[in-house]
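**Student:** Below you'll find the structure I mean.
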Amino acid sequence: MKKLLFTAVAFFVLLSATAQTEEELKAQIAPKKDSIAAIQSRVNALQAKLNALPGWKVGAFGTIGGSISQFNNWFAQGIPNNSSGNIGFTVNAFANLQEEKFFWRNAANLNLSWVKLDDKDDPTDNDSFRQATDVFNISSLYGRKLSEKFAISALAEYRTTILSNFNDPGYLDLGVGATWTPIPDLVVVMHPLNYNFVFSSEDTIFESSMGAKIVADYTKQIGAISFKSNLSLFQSYESSNLSNWTWTNSFSYKLWKMIGVGFDFGLRNNKQETLNYIVNNAPTTNPDATFDTIDNELQTYWTLGLSYKF
């Protein structure tokens, strides 16, 4: 009986000591978390001041994703014997010059991917890698400062595909107006005088026009996270059918040294591209389609994979 009582008392004392130790540790962790948050806040403030200093700022980050697979006699699916794979990458690069009276911001975005599906039971199928995603965008913005946050600016932006049909179509925007930089990481371009040059062999669908150009670009790095979002919008003064917009987003989280996890997605609305696909490239081609008869569906893409910060 004494041994049992002693064991029970010892267990109670040990449990109390463990609980007390746990509470003490938790109490010590709380102020350290507050200290880490305060330190990170100061680091972010210093980084913002560093970004605002005169001179060139150059950088790039990207995402690489891919997979391969092979099935043999996997009868639960429609193609039981196949090998498949996909690979893609995204690169975001910038070179920005900040001076007391002017700035010059240059950016480029490239997103390419390929896929393959080889049906081993069909000797006539296409077993090579085929283009899946093809996005290329480059821009250059020059601004003469009127104040710390406003500037008179000129923008040149070019968009096309490069794997196939290079510059067919291709879009070149040239315009002037104003640029607003409310914070160092956000740039908003408002150009009411802009001409949208469209280059294409299909001149019955694609047409250049005068209009307004709006661009919003937000680039931010917080600790291990890199983020970039870019919206480019052209509103034609001649017809809404000639208007278009593209919104791209890139996220990267650093896991180890320069390697991390990256996620990219993009949205686009372009009625000229939609009509051209339906008339010339769709599986059931409709040569009589017009802007008024088509459904202008939203274009999207996304990529998930390993990222590398250059």
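The values are calculated or read from the model by the stated rules, or taken from the named source; none is laboratory data. All values derive from a computational prediction rather than experimental measurement. Cβ coordinates were reconstructed from backbone atoms using ideal geometry, including for glycine residues, and neighbour counts include every protein chain displayed.
**Student:** I need the full set of residues from region 147-200 which are at pLDDT below 95 and acidic (Asp, Glu), in order please.
**Tutor:** Glu148, Asp168, Asp185
**Student:** Examine region 210-222 for a residue that is under 27 Å from Asn280 (Cα atoms) and in contact with a Lys or Arg (Cβ under 8 Å, 6 or more places away or on another chain), and state whether such a residue exists.
**Tutor:** no
**Student:** So, one more: Considering region 229-249 alone, what residues qualify as being farther than 14 Å from Asn137 by Cα and part of a strand (DSSP E or B)?
**Tutor:** Phe234, Gln235, Ser236, Asn244
**Student:** If Asp264 meets every condition in (1) surrounded by fewer than 18 Cβ atoms within 10 Å (Cβ to Cβ); (2) in contact (Cβ under 8 Å) with a residue 24 or more places away in the chain; (3) acidic (Asp, Glu) apart from one, which number is that one?
**Tutor:** Looking at each condition in turn, Asp264 falls short on (1).
Yes or no, residue by residue, for (1) at pLDDT 75 or above; (2) within 34 Å of the chain's Cα centre (by Cα); (3) of a type in the set (Ser, Thr, Tyr); (4) not in a strand (DSSP E or B):
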| residue | (1), (2), (3), (4) |
| --- | --- |
| Ala30 | no, no, no, yes |
| Ile36 | no, yes, no, yes |
| Ala48 | no, yes, no, yes |
| Phe61 | yes, yes, no, no |
| Asn73 | yes, no, no, yes |
| Ile79 | yes, yes, no, yes |
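**Student:** Do any residues in region 280-292 that are more than 21 Å from Ser240 (Cα to Cα) and assigned to a loop (DSSP other than H, G, I, E, B) have Cβ atoms under 8 Å from those of residues that are at pLDDT 80 or above and hydrophobic (A, V, I, L, M, F, W, C), where the two are at least six apart or on different chains, and which pairs are they?
**Tutor:** So the pair list comes out as Thr285/Ile278; Thr285/Val279; Asn286/Ile278; Asn286/Val279; Pro287/Val279.
**Student:** Check whether at least one residue in region 189-210 is within 26 Å of Val261 (Cα to Cα), in contact with a Ser or Thr (Cβ under 9 Å, 6 or more places away or on another chain) and either of a type in the set (D, E, K, R) or in contact (Cβ under 8 Å) with a residue 40 or more places away in the chain (or both), and report yes or no.
**Tutor:** No, the conditions are met nowhere in region 189-210.
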